[in-house]
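Visitor: Please find one structure pasted underneath; my questions will follow.
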Amino acid sequence: MKKLMIAVLCLLTLVACKQNSNNAAELALQQQRDSLTRIIEQKDNEIDDMMATMNDIQEGFRAINEAEQRVTIASNGEGVSEAESIRENMQFIQNQMQQNRELISKLRNQLRQSSVRADQLRRTLENLTQQLEEKDNQLRQLQAELEAKDVQIGELNQQVNTLSSNVSDLKEESTQKSQTITSQDKQLNTAWFVYGTKKELKEQRIIEDGKVLRSNFNRDYFTKIDIRIDKEIRLYSRSAKILTAHPQSSYTLLQDANKQYILRITNPQLFWSTSKYLVVLVK
């Protein structure tokens, strides 16, 4: 009878341990899901803000086109009222162009600070900047046509010249910002990995007192990769254990014909979301 009671107690203990382990795993999975949900919501909000700015810019170009048509119509008439109408519409165009420059600058800042991948949005920004430059050329042509018809808009000459200078400055700034965005995008997609024996990792202070990457470890010992390109890492060992925290659903460990392990990253964004450093223990 005593042996039976001991066996029952052992069984209950094992069941309780397993239940606690399952609860811990479920909690970790839920925390991971919550983190991914927050990331997705942040990206959606950033995209909505940038789309709203782009819509404002396009609306500005539409208003400029309408004002240009009014200038053309007025220039076909004669008298003081037509000249005044031309001056008013040209002033409106100048103000709207300035507003579009400010909106494009705002979009550039949104893009620089955004966590969204920048390739497509950067091309959109370049197109909007090109539209602004083309509009400046159209205004030059319109001004020449007005002068040919002896329309008195001389007071706008300085503004047009200033606009041309501003567009040139904006184009140069756009080029510099694009280079910065490209550099930042490269940094965001850079990661580092290392594999080695326990002795090797200890010598580089990658493992110290049983902890990983907790001290001033040797970063030069790591290999730099582009997470968009490098999705397989050969470990050249029949024993491999990942020591850093990476979601298990984002990778697989496979063996080649020589029974040596290959780490295949199936979901790079998820894999590197927890750490840009990968440490693998091999024998």
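The values are calculated or read from the model by the stated rules, or taken from the named source; none is laboratory data. Quick caveat: nothing in here was measured; it's all calculated off a predicted structure. Don't worry about glycine lacking a Cβ; one is built from the backbone with ideal geometry, like all the others, and counts go over all protein chains shown. Ligands, DNA and RNA are excluded from the accessible area calculation, which covers all protein heavy atoms including side chains. Shrake-Rupley method; radii C 1.70, N 1.55, O 1.52, S 1.80 Å.
Visitor: Give the range 67-82 a look and list any residue that's surrounded by 14 or more Cβ atoms within 10 Å (Cβ to Cβ) and at pLDDT 70 or above, or say none.
Guide: Passing the criteria: A67, E68, R70, V71.
Visitor: Any idea which of (1) crowded, with 16+ Cβ neighbours inside 10 Å; (2) modelled with pLDDT under 95 is the one Y261 doesn't satisfy?
Guide: For Y261, the failing item is (2).
Visitor: Those residues that are open to solvent by less than 80 Å² (accessible area, probe 1.4 Å) and polar (S, T, N, Q), I need them from the range 204-238; list them, please.
Guide: Q204, S215, N218, T223, S237
Visitor: Evaluate the range 239-248: report whether one residue or more is of a type in the set (S, T, N, Q), buried (at least 16 other Cβ atoms within 10 Å of the Cβ) and in a loop (DSSP other than H, G, I, E, B).
Guide: yes
This table checks each residue for (1) under 13 Å from F193 (Cα atoms); (2) of a type in the set (G, A, S); (3) without any contact (Cβ under 8 Å) to a residue 24 or more places away in the chain.
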residue: L253; (1), (2), (3): no, no, yes
residue: A257; (1), (2), (3): no, yes, yes
residue: L278; (1), (2), (3): yes, no, no
residue: L281; (1), (2), (3): yes, no, no
